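Enquirer: I have a structure I would like to understand better, so I am pasting it below and will then ask my questions one at a time.
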Amino acid sequence: MTIKVGDPIPSMKLMTSTPEGPKEISTDEIFKGKKVVMFGVPGAFTPTCSQRHLPGFAQNADAIRAKKVDRIVCVAVNDVFVLGAWAKEQGIGEEVTMLADGSGTFIKALGLELDLVGRGLGVRSQRFALVAEDGKVTHLAVEQPGGFEVSKAEAILAQL
């Protein structure tokens, strides 16, 4: 079942890349007591994700934070090393926290998995964005396959 407005973010562990190496981080640490924008992408280094989705949130980070958002998070079903390399290639610093869900367990818990096995990509994340306040979803925008309208940074900024 897909997560919906009013639902809590599942309490789970994910991975993030730090200058000291990979670090485990809990969703409780990310979301508890904070206003968070999280967006999910089908995969690091993929065309729309690299050319539009991640760059849009990085470019609009100041405007999003001006709406009292504490953290902007990108999650993908990739390993932490791939996400670290993608962030480096994209010039992402502190403005977006990159979260690796290497086995897709978090995305499955959200009910936002996308089966791309037939395309050789395995099970990934749907393209989505959500806003959560103190760990509860207050806005959810999930794209139709191939779409890029409701989850882009500008659309989320308009919702804040």
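Enquirer: Checking the conditions here, which among 83, 54 is in contact with a helix residue (DSSP H, G or I) (Cβ under 7 Å, 6 or more places away or on another chain), outside any strand (DSSP E or B) and buried (at least 22 other Cβ atoms within 10 Å of the Cβ)? Show your work before the answer.
Expert: Numbers: 83 fails: in contact with a helix residue (DSSP H, G or I) (Cβ under 7 Å, 6 or more places away or on another chain).
Exactly one residue qualifies, and that residue is 54.
Enquirer: With the requirement that a residue be part of a helix (DSSP H, G or I) and surrounded by fewer than 20 Cβ atoms within 10 Å (Cβ to Cβ), what does the stretch 112-160 give you? First the steps, then the outcome.
Expert: Taking the stretch 112-160 and keeping what is part of a helix (DSSP H, G or I), we get 117-119, 153-159.
Residues satisfying the conditions are 117, 118, 119, 154, 155, 157, 158, 159.
Enquirer: Shifting gears a bit: Which of (1) buried (at least 19 other Cβ atoms within 10 Å of the Cβ); (2) at pLDDT 95 or above; (3) part of a loop (DSSP other than H, G, I, E, B) does residue 78 not meet, given it meets every other one?
Expert: All conditions pass for residue 78, except number (2).
Enquirer: Let me ask something additional. Please determine, by comparing only the residues of the stretch 12-29 that are within 16 Å of residue 86 (Cα to Cα) and more than 14 Å from the chain's Cα centre (by Cα), which one is modelled with the highest pLDDT. Walk me through it before giving the result.
Expert: To start, the set of residues in the stretch 12-29 that are within 16 Å of residue 86 (Cα to Cα) comprises 15-19, 21-22.
Checking the rest, the ones that are also more than 14 Å from the chain's Cα centre (by Cα) come to 17-19, 21-22.
Numbers: 17: 92, 18: 90, 19: 88, 21: 92, 22: 96.
For the stretch 12-29, the residue satisfying everything is 22.
Enquirer: Could I ask something else about it? Could you list all residues from the stretch 1-21 that are out of contact with any Gly (no Cβ under 8 Å at 6 or more places or on another chain), of a type outside the set (D, E, K, R) and over 12 Å from residue 71 (Cβ atoms)?
Expert: Filtering the stretch 1-21 for residues out of contact with any Gly (no Cβ under 8 Å at 6 or more places or on another chain) gives 4-7, 10-14, 16, 18-21.
Then keep just the ones that are of a type outside the set (D, E, K, R); that gives 5-6, 10-12, 14, 16, 18-19, 21.
5, 6, 10, 11, 12, 14, 18, 19, 21 - these are the residues of the stretch 1-21 that are out of contact with any Gly (no Cβ under 8 Å at 6 or more places or on another chain), of a type outside the set (D, E, K, R) and over 12 Å from residue 71 (Cβ atoms).
Enquirer: In addition: Collect the residues in the stretch 87-117 that are within 26 Å of residue 1 (Cα to Cα) and hydrophobic (A, V, I, L, M, F, W, C), keeping them in residue-number order.
Expert: Those that are within 26 Å of residue 1 (Cα to Cα) and hydrophobic (A, V, I, L, M, F, W, C): 98, 99, 100, 106, 107, 109, 110, 112, 114, 116, 117.
Enquirer: Still on this model: Looking at the stretch 86-105 only, could you name the residues that are in contact (Cβ under 8 Å) with a residue 60 or more places away in the chain and crowded, with 20+ Cβ neighbours inside 10 Å? Before the answer, list the steps.
Expert: From the stretch 86-105, those in contact (Cβ under 8 Å) with a residue 60 or more places away in the chain are 87, 97-102, 105; that's our starting set.
Correct list: 87, 98, 99, 100, 101.
Enquirer: How do the pairs read when you match residues in the stretch 120-140 that are under 10 Å from residue 37 (Cα atoms) with residues anywhere that are part of a strand (DSSP E or B) and of a type in the set (Lys, Arg), using Cβ under 6 Å and keeping only pairs 6 or more apart or on different chains?
Expert: Here the result reads 133/35, each pair linking the stretch 120-140 to a residue that is part of a strand (DSSP E or B) and of a type in the set (Lys, Arg).
Enquirer: Among the residues that make up the stretch 23-35, is at least one of them without any contact (Cβ under 8 Å) to a residue 24 or more places away in the chain and out of contact with any strand residue (DSSP E or B) (no Cβ under 8 Å at 6 or more places or on another chain)? Step through it out loud before you land on a result.
Expert: Start the filter on the stretch 23-35 by keeping residues that are without any contact (Cβ under 8 Å) to a residue 24 or more places away in the chain, which leaves 23-24, 26, 29.
Those still in the list that are out of contact with any strand residue (DSSP E or B) (no Cβ under 8 Å at 6 or more places or on another chain) too: 29.
There is at least one residue in the stretch 23-35 that is without any contact (Cβ under 8 Å) to a residue 24 or more places away in the chain and out of contact with any strand residue (DSSP E or B) (no Cβ under 8 Å at 6 or more places or on another chain).
Enquirer: Can you pull out the residues in the stretch 18-38 that are within 20 Å of residue 95 (Cβ to Cβ) and among the basic types (Lys, Arg)?
Expert: Matches in the stretch 18-38: 23, 34, 35.
Enquirer: Let me spell it out: the conditions are (1) at pLDDT 95 or above; (2) closer than 23 Å to residue 114 by Cβ; (3) small (Gly, Ala, Ser), and residue 44 meets all of them except one. Which number is the exception?
Expert: Condition (1) is where residue 44 drops out.
Enquirer: Only one of these conditions is not met by residue 15: (1) of a type in the set (A, V, I, L, M, F, W, C); (2) under 25 Å from residue 154 (Cβ atoms); (3) surrounded by 18 or more Cβ atoms within 10 Å (Cβ to Cβ). Which number is it?
Expert: Every listed condition holds for residue 15 apart from (2).
Enquirer: Related question: Given the conditions (1) at negative phi; (2) more than 13 Å from the chain's Cα centre (by Cα); (3) touching a residue at least 60 places away in the same chain (Cβ under 8 Å), report the number of the one that residue 111 does not fulfil.
Expert: The one condition residue 111 does not meet is (1).
Enquirer: Among the numbered criteria (1) among the basic types (Lys, Arg); (2) more than 25 Å from residue 35 (Cβ to Cβ); (3) touching an Asp or Glu at 6+ places or on another chain (Cβ under 7 Å), which one does residue 88 miss?
Expert: Tallying (1) among the basic types (Lys, Arg); (2) more than 25 Å from residue 35 (Cβ to Cβ); (3) touching an Asp or Glu at 6+ places or on another chain (Cβ under 7 Å), residue 88 fails exactly one: (3).
The values are calculated or read from the model by the stated rules, or taken from the named source; none is laboratory data. These numbers come from a predicted model, not from an experiment. Please note: Cβ atoms are built from the backbone with ideal geometry, for glycine as well, and neighbour counts cover all protein chains shown.
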